[in-house]
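The values are calculated or read from the model by the stated rules, or taken from the named source; none is laboratory data. The shown structure was predicted, so the numbers you read here are calculated from the model rather than taken from an experiment. Cβ placement follows ideal geometry from the backbone for every residue including glycine, while neighbour counts extend to all protein chains displayed.
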Amino acid sequence: MPTPHSNTLAGVSLAVVATLSWALNFIAPYVTGDYTIYDLMVIRFLIAGALGVGVMMFCRAQLRLLRGDQQVLGASLGVIGYLGYSSCIAAGVIFAGPVLTPAFIGMVPVLQALLGNATNKTLQWRRLAIPLVFLTGGLLLSNISSIHQPLNDHGSWLTGVIFSIGAVLLWLVFSWLNQGALDNLPAETSGAWTGLMMVGAGIGALCLLPAVHALDLLKLPSLGFGISLAGHLYAWGLAIALMSSVVGAWAWNAASRRLPMVLSGQLISLESLFATLLGLLFHHRLPTLPEAAGLAGVLVGVVMAVRIILTSTVPDKSACAAGPCHD
């Protein structure tokens, strides 16, 4: 019989696996080689869609419990929370570098909790003053550092900020719609629901494919589809789709059953840390002092805010809220 200590250790380990899996979303721009990010995103989401079909076939009994409008909503959420969110993350990283976008995404758990508190007030706003100061200061430092980092020829720091904010907004919309839908779904349909979102992302990629091809944004037709040339693209597309969509979701749900919400809510901020470290690794450099201070400020603010919010609402309840499925 597992002891409380071993249960907690297993839960923390699973949370690390989940957040590291989600952080792979942020490295997409670095692994394309001679191909473009559009090539990788199309392959990645077509693979995610195919995996989703497999999940739905495995969970077809669950799928029959969902109404037609619920199935359409699930697929639509895949377009918002998988395809749209991940595309904004990739663009943010391309334009603003490896630190700024993860810093913005690190605020998502707090923003979700703040929105919840705004609609159903459970604590005084003044209690959040200190963590919000850390969050604001951390974002300012991250922005200042990103302005002074050399950028590529594709765009500007401001474009990266816009895409980073877009990713945050898309995830907040996804979370709000998804939570409302989950409240009305049979409890045993979580597998089919995840499969629907993956299929929706794949269908969205298929619908965008003609436009992307017409704009000559793909290099696969000119460079070649062969394994010898594009094998790394297929491998990374499969790895990111599998890890972020399947392994990450499974590991987080397993961690949530073993950890109190106050701890799992803080561990979700590890995604931003891992995303930044992976990005810096691909850039072959260490973080600058402002970057390190900015990320630390965001993480400290997230941990403080989540602890205050969760201990003020459900101090003893086990965590069951899904973190970013990000694809």
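Within region 39-54, how many residues turn out to be of a type outside the set (A, V, I, L, M, F, W, C) and surrounded by fewer than 21 Cβ atoms within 10 Å (Cβ to Cβ)?
Selection size over region 39-54: 1.
How many of the residues in region 227-241 are hydroxyl-bearing (Ser, Thr, Tyr) and surrounded by 15 or more Cβ atoms within 10 Å (Cβ to Cβ)?
Qualifying residue count, region 227-241: 1.
If you take the residues in region 119-135 that are part of a helix (DSSP H, G or I) and free of Cβ contacts under 8 Å to residues at least 24 places away in the same chain, which one is nearest to Val303 (Cα to Cα)?
Ala129
Step by step: first the residues of region 247-290, then only those that are modelled with pLDDT of 85 or more and charged (D, E, K, R), then the one that is surrounded by the fewest Cβ atoms within 10 Å (Cβ to Cβ). Which residue is that?
Arg285
Please identify the pairs in which a residue from region 209-238 that is within 11 Å of Asp39 (Cβ to Cβ) has its Cβ atom under 8 Å from the Cβ atom of a residue that is among the aromatic types (Phe, Trp, Tyr), counting only partners at least 6 apart or on another chain.
That search, which allows pairs on different chains as well, returns Val212/Tyr38; Leu217/Tyr38; Leu218/Tyr38; Lys219/Tyr35; Leu220/Tyr35; Leu223/Tyr35; Ala230/Tyr35; Leu233/Tyr35.
Take region 24-41 and flag every residue that is more than 12 Å from Phe282 (Cβ to Cβ) and either without any contact (Cβ under 8 Å) to a residue 40 or more places away in the chain or in a helix (DSSP H, G or I) (or both). Steps first, answer last, please.
Taking region 24-41 as the starting set, the residues that turn out to be more than 12 Å from Phe282 (Cβ to Cβ) are 25, 33-41.
Residues satisfying the conditions are Asn25, Ile37, Tyr38, Asp39, Leu40, Met41.
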